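The structure appears below as structure tokens.
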Amino acid sequence: MKIAISSDHGGNNLRKEIVNLLNELGIEYKDFGPQTDDSVDYPDYAQPVAEGVANGEFDKGILICGTGIGMSISANKVKGIRCALVHDVFSAKATREHNDSNVLAMGERVIGPGLAKEIARTWLTTDFEGGRHENRVQKISALEN
Ligand code: RB5
């Protein structure tokens, strides 16, 4: 599994925590930054992650900003992306099983690093259930056309 990850300035600290988790789990990743704490625009950092997942270069993406909202809205503009904004472990599991979400968004100003790491761990290790959910995910894709 290869992961793309980025944040804006509001998510820098949590991104570093999640990068530590990816290292702990031995998961390959590319960190798209930012490399400084300067104020940046979240769509600029959502774009390479979302496009990298959509074009198959990466299996999944993780995006972090202050709330996770700007990142999730931006990522979901890219065709093929199903980005889920998640701040609890139940939803992390459900969105993989039911929605086959391929990008996870979280807000550094909303939850602490301990919960965020549990969410990311759950999301990364839960498979899509398929079955009755397959048709629903296909209908999401149909909305893009
Ligand atoms: C940046 O101040 C903040 O707006 C951003 O991190 C995010 O919360 C946007 O949705």
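Coupling constants for segment 37-43 follow from the phi torsions by the Karplus curve (6.51 cos²θ - 1.76 cosθ + 1.60, θ = phi - 60°), and in residue order they are 8, 4, 5, 10, 9, 4, x Hz; glycine and proline get x. When only Cα pairs below 8 angstrom with a gap of at least 6 residues are kept, the chain shows a relative contact order of 24 percent. Put simply, the amide H of Ala105, placed in the peptide plane, has neighbours under 5 Å in Leu63, Ala84, Leu85, Val86, leaving out anything fewer than 5 places away on its chain. Residues in segment 14-23 carry Karplus couplings, in order, of 5, 4, 5, 5, 5, 4, 4, 4, 4, 4 Hz; the curve used is 6.51 cos²θ - 1.76 cosθ + 1.60 with θ = phi - 60°, and Gly or Pro positions show x.
Loop-resident chymotrypsin sites (Phe, Trp or Tyr not before Pro) (DSSP state other than H, G, I, E or B) in segment 69-145 with no more than 16 further Cβ atoms inside 10 Å of their Cβ: Phe128. Name the shape class, rounded, prolate or oblate, that the alpha-carbon gyration tensor gives for segment 13-90, where a ≥ b ≥ c are the square roots of its eigenvalues, rounded holds for a/c under 1.5, and otherwise prolate holds if a/b is larger than b/c and oblate otherwise. It comes out rounded by the Cα gyration axes.
If you count Lys pairs in the chain whose Cα atoms are under 21 Å apart, skipping same-chain pairs closer than 8 places in sequence, the total is 21. Over what distance in Å are the Cα centres of segment 7-33 and segment 85-100 separated? If you average the Cα positions of each part, the centres end up 19 Å apart. Evaluated over the Cα positions of the chain, the convex hull gives a direction-averaged projected area, one quarter of its surface, of 7.7 nm². Along the chain, the longest continuous region that contains none of the GluC sites (Glu not before Pro) in a DSSP loop with at most 15 other C-beta atoms within 10 Å is 58-128.
Summing charges over neighbours of Ala4, with a neighbour being any other residue whose Cβ is under 11 Å away from its Cβ, gives -2 when K and R count +1 and D and E count -1.
Where only DSSP H runs of four or more residues are counted, the chain gives -14500 deg cm²/dmol as its mean residue ellipticity at 222 nm, each run worth -39500 (n - 2.57). The HN-Hα couplings worked out from phi for segment 102-116 by the Karplus form 6.51 cos²θ - 1.76 cosθ + 1.60 (θ = phi - 60°) are 10, 9, 10, 10, 9, x, 5, 8, 9, 10, x, x, x, 5, 4 Hz, whole numbers, x standing for Gly and Pro. Residues whose amide H comes within less than 5 Å of that of Tyr29, counting only those at least five positions distant or on another chain, are Ile3 (H built at 1.01 Å from N in the peptide plane).
Taking amide H as placed 1.01 Å from N in the peptide plane, Phe58 has its amide H under 5 Å from the amide H of Val53, each at least 5 places away in sequence or on another chain.
Per-residue SASA remark: Asp59, around 90 Å² accessible (1.4 Å probe; ligands, DNA and RNA not included).
The trypsin sites (Lys or Arg not before Pro) of segment 61-109 that DSSP puts in a loop, and whose beta carbon has at most 15 other beta carbons within 10 Å, are Lys77, Lys79, Arg109.
Heavy-atom surface analysis with a 1.4 Å probe gives the chain a carbon and sulfur content of 47 percent of its accessible area.
Over the chain, accessible surface divided per residue gives 49 Å², non-protein components excluded, 1.4 Å probe. Could you please report the charge total around Ala92, scoring K, R as +1 and D, E as -1 over all other residues with beta-carbon less than 15 angstrom from its beta-carbon? Surrounding charge for Ala92 is 0.
The values are calculated or read from the model by the stated rules, or taken from the named source; none is laboratory data. Here the structure is a predicted model, which means the values were calculated and not measured. Virtual Cβ from ideal backbone geometry, glycine too; neighbours counted across all protein chains shown. Surface areas here come from the heavy atoms of the whole protein model, side chains and all, with no ligands, DNA or RNA. Shrake-Rupley method; radii C 1.70, N 1.55, O 1.52, S 1.80 Å.
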